[in-house]
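Asks: Would you mind keeping the following structure in view while I ask a few things?
The values are calculated or read from the model by the stated rules, or taken from the named source; none is laboratory data. Quantities reported herein were computed from a predicted structural model and do not represent experimental measurements. Don't worry about glycine lacking a Cβ; one is built from the backbone with ideal geometry, like all the others, and counts go over all protein chains shown.
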Amino acid sequence: MSLLADLPELPRRLAAADPGWSETTDVLVVGSGIAGLTAALHLREQGLHVTVVTKVNIDDGSTRWAQGGIAAVLDPLDTPAAHANDTEIAGVGLCDPAAVRVLVEEGPARVRELMRIGAEFDRHADGSLMLTREGGHRADRIVHAGGDATGAEVQRALHEAVRRDPWIRLVEHALVLDLLRGADGRACGLTLHVLGEGSADGVGAILARAVVLATGGMGQIYSSTTNPSVSTGDGVALALRAGATVTDVEFVQFHPTSFVSAAVTSVQRPLISEALRGEGAHLVDETGKRFMVGQHELAELAPRDVVAKGIHRVLRATGADHVYLDARHLGREFLEHRFPTIVASTRSAGVDPAVDLIPVAPAAHYASGGVRTDLHGRTSIPGLYACGEVACTGVHGANRLASNSLLEGLVFAKRIADDIARDLPAQSEPVTSKDGPSWVADPSIRSELQRAMTRGAGVLRSADSLAGTAKELARLAEQRTTPHNAAWEATNLLTVASALVSSAQTRRETRGCHWREDFPVAEDEWRGHLLNGLSPKGKLTQAFEEMA
């Protein structure tokens, strides 16, 4: 791998107190969204003792914010091959066909399992599932719940199932720090900080025979995102520090339609689900013109990167900070029944979708890349698995197809549980290493980092903008402090932002979510994956792997 000289040196370990307490479990799952809780439940089916560690409360991750639904072939007239084709078109040549095949073929069974444990999806009067369509899909295959509250219903069902099992230990308010490894290099637990636990500063260790990362995304590296405040790239940063391979991090999907309002003052913006466009809402500019017509055969229902770019072109041409979503023709009764969450959110800010245009703009939404895994969720470190948004299974390629994310969490969580149960070694003792740089960034850099990433590594990128962002990240890395939660989060943000910028600088083409103004077309020579690592001295490394 080549070393990247212009980006900051990063810590190989987070500065932290030595663990003041420890406990042991069979499998440690980090994260409490759809991927983490599904993995925990399947591991329990295998008779294993599971500890689930979550950063705040069990329901505070990204899953509950998902509005649209779960994509799966549940209509007799639909086929896995058609779902796979739509997925691969959205991924613009970088999807792993084997991973896509696993997703679409195993997905329907996993969704039915979710229904069996209690998830209640919307149905017609005759009891059949209501199916809708979202961007990039050429068939109605999206199941949803509560109209536009699918994530909340999925989280509820999984949460209740986990709470019923006394052999799943839940540790809330816990920020994971670094991976522990045995003498053979195998993952054997991790260090973490738990509020109110153990020593005065709460740093401890949980030892495990296998570790599953299900920590979600990293949308908080940007000034505007649909991700909650906890989405700070903790799992990807931990994996890099541990020596795992990370890939495709340059492909961050910007959801075309986040709600823009002076009443929204936080980094997290309310999502206006793609399902609203699936039901017939139109994107219009300030003159009322439908600008996506003619840009793609699916118009507003084109893949998300296409729609986000279409919106960005309008914003750049007009100088505005938003376009509009017109759903007025759908009618008040339909909107209130089908999209109660969206209607309540916009009305609270003074916008009534039944009579008003909804101001929208792209916001960082989903990381298509992450910790590299195989088809069983195994990373490059033995005993360390990754699942959900933190992982790069090869399913999404350069751009995730709408509503494939929850499905990916379901499918690969089951595969991980099966693989762990097949060959789970005895607990090994961690080998303590003090090698490599160890420090934490000052949390005051967080907003500066978000602004720099939005300016230079957001929807639009160029050699100049990325070089400026790299210099800004290097400057921010010089601002350091003593260990505490906000500093650990800031360090994780700095780590994943640096990895993203390094890959975005190297990939000199436009493909999927990655839009280079200076290289505006996709090139065959870049049909492959950029693999990121971290050297023993904390320098980012990179290699290119061509598609087979």
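Okay, residues lined up against (1) among the small types (Gly, Ala, Ser); (2) surrounded by fewer than 20 Cβ atoms within 10 Å (Cβ to Cβ):
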position: 264; (1), (2): no, yes
position: 269; (1), (2): no, no
position: 279; (1), (2): no, yes
position: 307; (1), (2): no, no
position: 316; (1), (2): no, yes
position: 327; (1), (2): yes, no
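Asks: Can you name the number of the only condition in (1) at pLDDT below 95; (2) outside any helix (DSSP H, G or I); (3) within 29 Å of residue 108 (Cα to Cα); (4) of a type in the set (Gly, Ala, Ser) that residue 394 fails?
Replies: (1) is the only condition that residue 394 fails.
Asks: Only one of these is without any contact (Cβ under 8 Å) to a residue 60 or more places away in the chain, part of a loop (DSSP other than H, G, I, E, B) and assigned by TED's automatic domain parsing to the domain that holds residue 309: 356, 374. Name it. Write out each step before concluding.
Replies: Numbers: 374 fails: assigned by TED's automatic domain parsing to the domain that holds residue 309.
Step by step, each of 356, 374 is checked, and only 356 is without any contact (Cβ under 8 Å) to a residue 60 or more places away in the chain, part of a loop (DSSP other than H, G, I, E, B) and assigned by TED's automatic domain parsing to the domain that holds residue 309.
Asks: Let me ask something additional. Only one of these is part of a strand (DSSP E or B), within 28 Å of residue 420 (Cβ to Cβ) and among the hydrophobic types (A, V, I, L, M, F, W, C): 161, 183, 208. Name it.
Replies: Among 161, 183, 208, only 208 is part of a strand (DSSP E or B), within 28 Å of residue 420 (Cβ to Cβ) and among the hydrophobic types (A, V, I, L, M, F, W, C).
Asks: Now for a different question. Would you check which residues across segment 270-292 are in contact (Cβ under 8 Å) with a residue 60 or more places away in the chain, more than 21 Å from residue 138 (Cα to Cα) and over 17 Å from the mean Cα position of the chain (by Cα) and list them?
Replies: 284
Quick grid of which residues meet (1) closer than 24 Å to residue 245 by Cα; (2) modelled with pLDDT under 95; (3) of a type in the set (Ser, Thr, Tyr):
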{"residue": "459", "(1), (2), (3)": "no, yes, no"}
{"residue": "469", "(1), (2), (3)": "yes, no, yes"}
{"residue": "472", "(1), (2), (3)": "no, no, no"}
{"residue": "485", "(1), (2), (3)": "no, yes, no"}
{"residue": "489", "(1), (2), (3)": "yes, no, no"}
{"residue": "493", "(1), (2), (3)": "yes, no, no"}
{"residue": "506", "(1), (2), (3)": "yes, no, yes"}
{"residue": "531", "(1), (2), (3)": "yes, no, no"}
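Asks: Considering only residues that are modelled with pLDDT of 95 or more, assigned to a strand (DSSP E or B) and among the hydrophobic types (A, V, I, L, M, F, W, C), look in segment 1-35 and name the one that is farthest from the chain's Cα centre (by Cα).
Replies: Selected residue: 27.
Asks: Regarding segment 403-422, can at least one residue be identified that is of a type in the set (Asp, Glu), buried (at least 17 other Cβ atoms within 10 Å of the Cβ), modelled with pLDDT of 95 or more and out of contact with any Leu (no Cβ under 8 Å at 6 or more places or on another chain)?
Replies: yes
Asks: Moving on. If you scan segment 448-474, which residues turn out to be crowded, with 21+ Cβ neighbours inside 10 Å and in a loop (DSSP other than H, G, I, E, B)?
Replies: 458, 459
Asks: So, residue 510, is that one surrounded by 21 or more Cβ atoms within 10 Å (Cβ to Cβ), within 15 Å of residue 457 (Cα to Cα) and in contact with a Pro (Cβ under 6 Å, 6 or more places away or on another chain) or not?
Replies: So residue 510 passes the test.
Asks: Now a separate question. Considering segment 36-74 alone, what residues qualify as being at pLDDT below 95, of a type outside the set (A, V, I, L, M, F, W, C) and under 30 Å from residue 277 (Cα atoms)?
Replies: If the condition is that a residue be at pLDDT below 95, of a type outside the set (A, V, I, L, M, F, W, C) and under 30 Å from residue 277 (Cα atoms), then 59, 60, 61, 62, 63, 64, 67, 68, 69 are the ones that fit.
Asks: OK, next. Could you please find all residues in segment 427-443 being of a type in the set (Gly, Ala, Ser), modelled with pLDDT of 95 or more and either within 24 Å of the chain's Cα centre (by Cα) or farther than 30 Å from residue 220 by Cα (or both)?
Replies: 441
Asks: Need the failing condition index for residue 338 against (1) out of contact with any Leu (no Cβ under 7 Å at 6 or more places or on another chain); (2) at pLDDT 95 or above; (3) over 24 Å from residue 217 (Cβ atoms); (4) crowded, with 17+ Cβ neighbours inside 10 Å, just the number.
Replies: Of (1) out of contact with any Leu (no Cβ under 7 Å at 6 or more places or on another chain); (2) at pLDDT 95 or above; (3) over 24 Å from residue 217 (Cβ atoms); (4) crowded, with 17+ Cβ neighbours inside 10 Å, only one is false for residue 338: (2).
Asks: Just wondering, is there one or more residues in segment 424-447 that are in a helix (DSSP H, G or I) and either under 16 Å from residue 35 (Cα atoms) or hydrophobic (A, V, I, L, M, F, W, C) (or both)? Give the derivation first.
Replies: Residues of segment 424-447 that are in a helix (DSSP H, G or I), as a first pass: 445-447.
From the residues that got through so far, the ones that are either under 16 Å from residue 35 (Cα atoms) or hydrophobic (A, V, I, L, M, F, W, C) (or both) too are 445.
Yes; the residues of segment 424-447 include at least one that is in a helix (DSSP H, G or I) and either under 16 Å from residue 35 (Cα atoms) or hydrophobic (A, V, I, L, M, F, W, C) (or both).
Asks: Right, here's the next one. Mind checking which residues of segment 221-232 are at pLDDT 95 or above and touching a strand residue (DSSP E or B) at 6+ places or on another chain (Cβ under 8 Å)?
Replies: Within segment 221-232, 221, 222 qualify.
Asks: Pairs please, first residue from segment 254-269 and in contact (Cβ under 8 Å) with a residue 24 or more places away in the chain and closer than 16 Å to residue 324 by Cα, second anywhere and hydrophobic (A, V, I, L, M, F, W, C) and surrounded by fewer than 19 Cβ atoms within 10 Å (Cβ to Cβ), Cβ atoms under 6 Å, 6+ apart in sequence or on different chains.
Replies: Within 6 Å, the pairs are 261/349.
Asks: Same structure, new question: Can you tell me which condition residue 103 does not meet? The list is (1) under 17 Å from residue 213 (Cα atoms); (2) of a type outside the set (Val, Ile, Thr); (3) out of contact with any Cys (no Cβ under 8 Å at 6 or more places or on another chain); (4) crowded, with 16+ Cβ neighbours inside 10 Å, and all the others hold.
Replies: In the conditions (1) under 17 Å from residue 213 (Cα atoms); (2) of a type outside the set (Val, Ile, Thr); (3) out of contact with any Cys (no Cβ under 8 Å at 6 or more places or on another chain); (4) crowded, with 16+ Cβ neighbours inside 10 Å, residue 103 misses (1) alone.
Asks: Based on this model, can you work out whether residue 455 counts as at pLDDT 95 or above, more than 24 Å from residue 207 (Cα to Cα) and assigned by TED's automatic domain parsing to the domain that holds residue 535? Lay out the reasoning, then the answer.
Replies: Values: at pLDDT 95 or above: no; more than 24 Å from residue 207 (Cα to Cα): yes; assigned by TED's automatic domain parsing to the domain that holds residue 535: yes.
So residue 455 fails the test.
Asks: How do the pairs read when you match residues in segment 489-513 that are part of a helix (DSSP H, G or I) with residues anywhere that are among the basic types (Lys, Arg), using Cβ under 7 Å and keeping only pairs 6 or more apart or on different chains?
Replies: Pairs that qualify, where the first residue is part of a helix (DSSP H, G or I) and the partner is among the basic types (Lys, Arg), are 490/446; 493/446; 504/461.
Asks: From (1) of a type outside the set (Lys, Arg); (2) buried (at least 19 other Cβ atoms within 10 Å of the Cβ); (3) at pLDDT below 95, pick out the condition that doesn't hold for residue 387.
Replies: For residue 387, the exception is condition (3).
Asks: Please go through segment 124-133 and pick out each residue that is within 28 Å of the chain's Cα centre (by Cα) and either more than 17 Å from residue 108 (Cβ to Cβ) or charged (D, E, K, R) (or both).
Replies: Hit for segment 124-133 is 133, nothing else.
Asks: Separate question: So, residue 304, is that one under 16 Å from residue 459 (Cβ atoms) and in contact (Cβ under 8 Å) with a residue 12 or more places away in the chain or not?
Replies: In short, yes.
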